[in-house]
Structure formats: C-alpha cells, structure tokens
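Everything on this sheet refers to the single structure shown next.
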Amino acid sequence: MSCFVLIENKIKSFNKKIFVSADKSLSIRWVLLAAQATGKSRAYNLLDSEDVNNALKALKKLGIKINKTKKFCEINGRGLNSFLIKKNTTINAGNSGTFSRIILGVLAKSDKTVKLIGDKSLSRRDFSRVIDPLRLFGINIKSNKNKLPIEILGSKFLRPINYFENKGSAQCK
C-alpha cells in the first residue's frame, strides 16, 4: 500500500485539535514532530511511558522547552534543524527503538556530534537499516558494528541518493 501527499502551499498556522489514542509509537512521533515545528504544540492523552519520557528528556537536552502536566504535554518547537546541541551531547534512548531510529534521521543535518546510547536490550539491536542510507547521504556515523552506542555528525549538505529497502519497518518510515 502506498500513499502520496502533495503540499502545494506552506501552512502558516494550524489551530485545530487532533485526538489520538495514547499509543507509544504515535506519542514518540508527535513529540519529535512538535519539537521541529515552530511554536507551541499541545497534546492531550499523550502516553505516559518510560520510552516517551526518555524522548522528552532527550529533546530537553537539545534545547526544546517542554511543559508536561497530568492533562497535557506542551512543546515549544524551534523549527527544523534548530536544536541547540552542546559539545559532547549524549542522548539516552532507553529501550525505544522508535525514538532512537527516528532521532538519527532528525540529527542528520546537525553540524555537531551527538552520541546516542540505550539500555542493554536496545544496544543489542542492529541499526544498519538506518545507518546505511544515512551514510549514503554523506552523514558521518561511528558505531559498534551497527549497534549502540552510535555517534552521528550530520552534514548541512546531504547528497541525493537512490535507495531501496526491501524490508518494511514502522521504525524506519
């Protein structure tokens, strides 16, 4: 199944409420998108889980302002490619494969090195399906045989690539 979306005009504002079930994967994706939007985004019913909380902690380390209450989570996004990355920044993804794989792509245009770590279980997982295409784009990545810890130094100038992935994965989409 394929999906094609065409956006012809830049959206200046979007002031609507969208209700989503409290789902770990959707919550992590919302957190990452809200951090890259410009301005405040608010989610109600965001899943309160260790993986989602690790994603929020990581984004705070990248300079994103977050206000989490029992009723909602508000993220003040800084726009695309605007994370405030300090020297020797380490992000702990805990056990979240979704967050760790997506954040690598998000950091691809960063001009500073970021180290991504995780718990024992996540550190045993293979990241080659994310690392291989990022390297083709020209991203400098150091890893332990395609496993965590991973150091990524993005590039402001990504090379165009043709890439075919023959295995589907929700975490690599």
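Derivation of every value follows stated rules applied to the coordinates shown; laboratory data play no part. This is a predicted model, so every value here is computed, not measured. In this analysis, Cβ positions are derived from the backbone assuming ideal geometry, glycine residues included, and neighbour counts consider all displayed protein chains.
Near the amide H of residue 63, within less than 5 Å, lie the amide hydrogens of 84, all on another chain or at least 5 residues away, with H placed in the peptide plane.
Taking one quarter of the surface of the convex hull spanned by the alpha-carbon atoms of the chain gives a direction-averaged projected area of 10.9 nm². Note on the range 25-159: with charges restricted to the Cβ of Lys and Arg (+1) and Asp and Glu (-1), its dipole about the Cα centre is near 280 debye.
For the chain, the 222 nm mean residue ellipticity estimated from helices alone, with every DSSP H stretch of n ≥ 4 adding -39500 (n - 2.57) and the total spread over all residues, rounds to -8500 deg cm²/dmol. Against the chain, whose longest principal axis comes from its Cα atoms, helix 97-106 is set at around 80 degrees.
Between the Cα long axis of helix 50-61 and the first principal axis of the chain there is an angle of about 80°, rounded to the nearest 10. Can you find, among 35, 64, 25, the residue farthest towards the positive end of the dipole of the chain? Put +1 on the C-beta of Lys and Arg, -1 on that of Asp and Glu. Farthest towards the positive pole: 64. The HN-Hα couplings worked out from phi for the range 66-80 by the Karplus form 6.51 cos²θ - 1.76 cosθ + 1.60 (θ = phi - 60°) are 10, 10, 10, 10, 5, 8, 8, 10, 10, 10, 9, x, 9, x, 4 Hz, whole numbers, x standing for Gly and Pro.
Helix 128-137 axis versus longest C-alpha principal axis of the chain: approximately 80°, rounded to the nearest ten.
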